[in-house]
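A short worksheet on the structure shown next.
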Ligand code: GLA
């Protein structure tokens, strides 16, 4: 991995802040948040996903230390920790410690560092803020220690840190897209083979993320419960399907033929995964053909499936999608990310974006009592060192 290829500009204010805290001029690293267009809750069943990285990012400024100690200041929380060792605390520092400890456990000789972290990916909004912190910290610690690591290994290590240290059994999607994304495209990833293709997003389509302001936290239990249900579903159908490794191997026709033999809840979980996988492939195709009518229909089907079969939506997300479906310029809307709160993703015609935002914001606030945070996002590149 060559971190030196990334463009972008060093944030002068971040550098000045680092100098005021630590008295030296830092190097700066960035990793993006993401919005997933379709392919939700499929990555840990080895299915397909179609996320795009955003310009909303986490930045890490840092200098190496020679004593192996990690001193990390979070500008978002105005808190400081030292490490890398330390107990899980349930906050931002877990992502940092988790990555640093995972690097050490994997045999990398990390020199220690002074780091300053600042991010503008909204937290708990389903926009990949956790992976952005993990990947930015990993890039910083590796580069400041004079180490190189393959991009895929960085993504896997960060996923492992979140699984093992933070306690959220997330899949590979967020960390992978944070490493491999290219601006202007979505990234269709096969989460078994880890083969991917970049799918151009038509330049007259805007990605709008509407934060329901219902905060989600993956470590809170329901997400991990869905993973456990998928494992239970695999155990249930495996005897009948030779060679089955994960739910992606279940054939939709087989599923319908055997519906009566599978407990209803597990049937619905499997149905979501197998139908969502088909939708990812169709969505990539629809975007390439600029068939926006089809793209919107697929997003609507995806949302219904997540709401009714996988049961990871919530009333506020359903309201946000229902409002978006009637708003000016809408192409398609669905919940995005882990669910149970967080954001919707909306494809909107460029010329109608302001009207769209106004329409959704006003009605959502009146009907839910929460003021939504609406981001007209820009797609961004994957992680790297920002050149000073
Ligand atoms: C979170 C996880 C991902 C993925 C999504 C749901 O963002 O980090 O791995 O499972 O939820 O699609």
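Considering only the range 143-163, how many residues are within 23 Å of residue 113 (Cα to Cα) and outside any loop (DSSP other than H, G, I, E, B)?
The total comes to 13.
One line per residue, one yes/no per condition, for (1) more than 16 Å from the ligand (Cβ to nearest atom); (2) farther than 27 Å from residue 195 by Cα; (3) assigned to a helix (DSSP H, G or I):
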{"site": "302", "(1), (2), (3)": "no, no, yes"}
{"site": "318", "(1), (2), (3)": "yes, yes, yes"}
{"site": "323", "(1), (2), (3)": "yes, yes, yes"}
{"site": "328", "(1), (2), (3)": "yes, yes, no"}
{"site": "334", "(1), (2), (3)": "no, no, no"}
{"site": "338", "(1), (2), (3)": "no, no, no"}
{"site": "341", "(1), (2), (3)": "no, yes, no"}
{"site": "345", "(1), (2), (3)": "no, no, no"}
{"site": "354", "(1), (2), (3)": "yes, yes, yes"}
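Within the range 147-163, how many residues are surrounded by fewer than 20 Cβ atoms within 10 Å (Cβ to Cβ) and within 14 Å of the ligand (Cβ to nearest atom)?
3
Table: residues versus (1) in a loop (DSSP other than H, G, I, E, B); (2) at pLDDT below 95; (3) under 18 Å from residue 310 (Cα atoms).
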position	(1), (2), (3)
203	yes, no, no
206	no, no, no
227	no, no, yes
244	yes, no, no
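For the range 80-122, which positions are under 22 Å from residue 216 (Cβ atoms) and free of Cβ contacts under 8 Å to residues at least 60 places away in the same chain?
89, 91, 92, 93, 96, 117
How about the range 164-188: which of its residues are crowded, with 23+ Cβ neighbours inside 10 Å, away from the ligand (no atom under 11 Å from the Cβ) and in a helix (DSSP H, G or I)?
179
Scan 97, 88, 27 and give me the residue that is farther than 29 Å from residue 377 by Cβ and either at pLDDT 95 or above or more than 25 Å from the chain's Cα centre (by Cα) (or both).
So the residue among 97, 88, 27 that is farther than 29 Å from residue 377 by Cβ and either at pLDDT 95 or above or more than 25 Å from the chain's Cα centre (by Cα) (or both) is 97.
Scan the range 100-120 and give yes if some residue there is buried (at least 24 other Cβ atoms within 10 Å of the Cβ) and within 16 Å of the ligand (Cβ to nearest atom), otherwise no.
No.
The values are calculated or read from the model by the stated rules, or taken from the named source; none is laboratory data. None of these values were measured; they are calculated from a predicted model. Positions of Cβ are generated from backbone atoms using ideal geometry, with glycine treated the same way; all protein chains shown enter the neighbour counts.
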